[in-house]
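Chemist: The structure's right below; bear with me while I get my questions together.
The values are calculated or read from the model by the stated rules, or taken from the named source; none is laboratory data. None of the values given here were measured: they were computed from a predicted structure. Quick reminder, even Gly has a Cβ in these numbers, built from the backbone with ideal geometry, and neighbours come from all protein chains shown.
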Amino acid sequence: MTGGSAARARDIGAIALLAVGLLSPALWNRFPLIFPDSGTYLAIALGHDYAIDRSSIYGFFLKPFVTGVPGLAGLWLGIVVQCLLLAAILWPAARLLTGSARSALVALGATILLSSLGWHAGQFMPDAFTGATVLLGWLAARRDPGAAGAPSLWLAAVAAASMHYTHIPVLLAAAVAALLAEKLLGLGWAAFGRRALAALAAAAAALLLQVGLNAAVLHRPAPAPMGSLFLYARLSEDGLIAPWLADHCGRDGPRRLCALEPSLPRGSQQLLWGGAASPITDLVWHPRVEADRWPLIDEMGQANRGAIRDRPLAFLASSARGTLRQLVHFAALDDECPVGCHDRRGGIAFALTRYRPEALPALDASRQVTDTTPKRLLRAVTTPIAILALLALPFLMAAAWRRRDRDILGLLAAIIAGLVTNAALAGALSDVHDRYQSRVVWLAPFAALLLIARWRSNYRLIAVTVAA
């Protein structure tokens, strides 16, 4: 076997081994890990649904795998492919940073064992690709767009960014932050400009894909057709909507929304998901006529713009509070099971009842649904490690700066930008939820473990050189 063939075989073996590690939480669960929203994506993958409130591309990604094989095996195939793809992203990043296959495997194995990574990798949710979007943004930005492999990396970044609306700004923030870090360590303006344009093009491609699909299917040429509803719920809870409506209702305010406002719950989650207690359930989620929902969504957008324009400082203050709250709120396996995961009236159980009923016994026997997952034990390990790694990030940045380590500084800048952007998109524009930050917080221990391996190897090299 030639050297190149041996290296390829080693990489394939390492990726397969990592995929098994990523898959292990789902195997232990006895069913792919789920969240109530998993039902929406499986309805897209198994049937002919199209989501109005999130990207459908993740469901399209799953479709050839879950429909290509019948029964429960098809569901498992979708998760296996997902874990293989994540391993194929993690492995080159770890090899690049450590310079050693053994060190890379040890660091990645520790990340899977000690962080929330595996609990997202094996889940039917686009959250599996949020952290990967950050890594792809860094990996692609560190190469000249014309270099070998760079187009493939940007294409992979576009695919990952398309999985969820929030991934697009996360990708752009991570790539730009990585480039700024490299610029501080001497990257030329010409190279910086080419790479920045590539990052903008990748984000624009993912955005245009979302807008084009929504225009074609929903006749709503917008990246997030229901975004105004989620922002309205956030602004309403923060107290910004009521003063604006009080000033404009009866004059130039949106008539339907003004009539509806007194009956809307003030809490964002109650407004969005309050069932019979919220008029939104019948007017937006289950309207008599599909087209009836959009005029109300447009009126909410009008109220959002007016409230922000009238009280910009209050909006910035509430956004900052939400971002800070989301930054420190994360918990592995924040799955809302068993309550939200076996209800036949909605969610994944409803989707499986419609399209894959033979998989229902396995779902009902899973540890998530039987409520036998050791959430407290898992969080007792992963949460303190994530906190320590987050606290270490500024010190690691300082160390990378002192060492003039361009790769590490770029990675850390990308991770910090990804963490903050993700927190802002969730906490400032939607709602604080442990799951939102858990999907990216594993990047902090991932980086810390790789840095230990990288700099430990450097120390050994220096020692050998001095001894010689």
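Chemist: Can you tell me which residue among Ala7, Ala14 is over 30 Å from Val339 (Cα atoms), assigned by TED's automatic domain parsing to the domain that holds Thr166, of a type outside the set (D, E, K, R) and modelled with pLDDT under 90?
Modeler: After ruling out the rest, the residue left standing is Ala7.
Chemist: For the structure I just gave you, tell me whether Ala380 is surrounded by fewer than 24 Cβ atoms within 10 Å (Cβ to Cβ), within 14 Å of Thr111 (Cβ to Cβ) and over 17 Å from the mean Cα position of the chain (by Cα).
Modeler: no
Table: residues versus (1) over 26 Å from the mean Cα position of the chain (by Cα); (2) in a helix (DSSP H, G or I).
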site	(1), (2)
Gln270	no, yes
Asp282	yes, yes
Arg288	yes, no
Trp294	yes, yes
Glu299	yes, yes
Gln302	yes, yes
Ile308	yes, yes
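Chemist: Something else now. Could we say that Arg142 is within 17 Å of Ile89 (Cα to Cα), among the basic types (Lys, Arg) and surrounded by 18 or more Cβ atoms within 10 Å (Cβ to Cβ) here?
Modeler: For Arg142, the condition - within 17 Å of Ile89 (Cα to Cα), among the basic types (Lys, Arg) and surrounded by 18 or more Cβ atoms within 10 Å (Cβ to Cβ) - is met.
Chemist: Can you tell me which residue is nearest to Arg406 (Cα to Cα) among those in the stretch 67-94 that are touching a helix residue (DSSP H, G or I) at 6+ places or on another chain (Cβ under 7 Å) and without any contact (Cβ under 8 Å) to a residue 40 or more places away in the chain?
Modeler: Across the stretch 67-94, the extreme among qualifying residues is Val81.
Chemist: Something else about it: Could you grab me the full set of residues in the stretch 343-357 that are farther than 24 Å from Gly275 by Cα and either out of contact with any Leu (no Cβ under 7 Å at 6 or more places or on another chain) or of a type in the set (Phe, Trp, Tyr) (or both)?
Modeler: Tyr355, Pro357
Chemist: Here is a further query. Gly253 passes all but one of (1) within 18 Å of Ala51 (Cα to Cα); (2) over 29 Å from the mean Cα position of the chain (by Cα); which number fails?
Modeler: Answer for Gly253: the failing condition is (1).
Chemist: When you check Leu231 against the structure, is it in a helix (DSSP H, G or I) and closer than 28 Å to Thr421 by Cα, yes or no?
Modeler: yes
Chemist: Okay, moving on. So Arg345 clears everything in (1) assigned by TED's automatic domain parsing to the domain that holds Gly74; (2) more than 23 Å from the chain's Cα centre (by Cα); (3) part of a helix (DSSP H, G or I) except one condition, right? Which one?
Modeler: (3)
Chemist: Continuing with this model, one more query. Condition first: in contact (Cβ under 8 Å) with a residue 60 or more places away in the chain and not aromatic (Phe, Trp, Tyr). Can you find one or more residues in the stretch 193-205 that meet it?
Modeler: yes
Chemist: Can you run down the residue pairs with Cβ atoms below 8 Å, 6 or more apart or on separate chains, where the first is in the stretch 347-368 and farther than 27 Å from Trp285 by Cα and the partner is surrounded by fewer than 16 Cβ atoms within 10 Å (Cβ to Cβ)?
Modeler: The qualifying pairs are Glu358/Gly71; Ala362/Arg30; Ala365/Arg30; Ser366/Arg30; Arg367/Trp28; Arg367/Arg30.
Chemist: Here's something else I'd like to know. Report, by residue number, each residue of the stretch 422-444 that is modelled with pLDDT of 95 or more and among the basic types (Lys, Arg).
Modeler: Hit for the stretch 422-444 is Arg439, nothing else.
Chemist: Okay, moving on. Go through the stretch 42-65 and count every residue that is part of a helix (DSSP H, G or I), free of Cβ contacts under 8 Å to residues at least 60 places away in the same chain and among the aliphatic types (A, V, I, L, M).
Modeler: Of the residues in that region, 2 qualify.
Chemist: Determine, yes or no, whether Leu388 is hydrophobic (A, V, I, L, M, F, W, C) and either at pLDDT 95 or above or not in a helix (DSSP H, G or I) (or both).
Modeler: In short, yes.
Chemist: Taking the residues in the stretch 86-118 that are part of a helix (DSSP H, G or I), over 19 Å from the mean Cα position of the chain (by Cα) and of a type outside the set (A, V, I, L, M, F, W, C) as candidates, determine which candidate is farthest from Gly13 (Cα to Cα).
Modeler: Once the filter is applied, the top-ranked residue is Thr98.
Chemist: Given the criterion outside the structural domain of Leu207 (by TED's automatic domain parsing), free of Cβ contacts under 8 Å to residues at least 60 places away in the same chain and of a type in the set (Phe, Trp, Tyr), identify the matching residue among Trp294, Trp244, Trp273.
Modeler: It is Trp273.
Chemist: May I ask you to say which residue of Ala307, Ala351 is in the same structural domain as Ala246 (by TED's automatic domain parsing), out of contact with any strand residue (DSSP E or B) (no Cβ under 8 Å at 6 or more places or on another chain), surrounded by 18 or more Cβ atoms within 10 Å (Cβ to Cβ) and not β-branched (Val, Ile, Thr)?
Modeler: Exactly one of Ala307, Ala351 is in the same structural domain as Ala246 (by TED's automatic domain parsing), out of contact with any strand residue (DSSP E or B) (no Cβ under 8 Å at 6 or more places or on another chain), surrounded by 18 or more Cβ atoms within 10 Å (Cβ to Cβ) and not β-branched (Val, Ile, Thr), namely Ala307.
Chemist: I've got another one for you. Just need a number here: residues in the stretch 200-230 that are under 13 Å from His167 (Cα atoms), surrounded by 16 or more Cβ atoms within 10 Å (Cβ to Cβ) and small (Gly, Ala, Ser).
Modeler: 5
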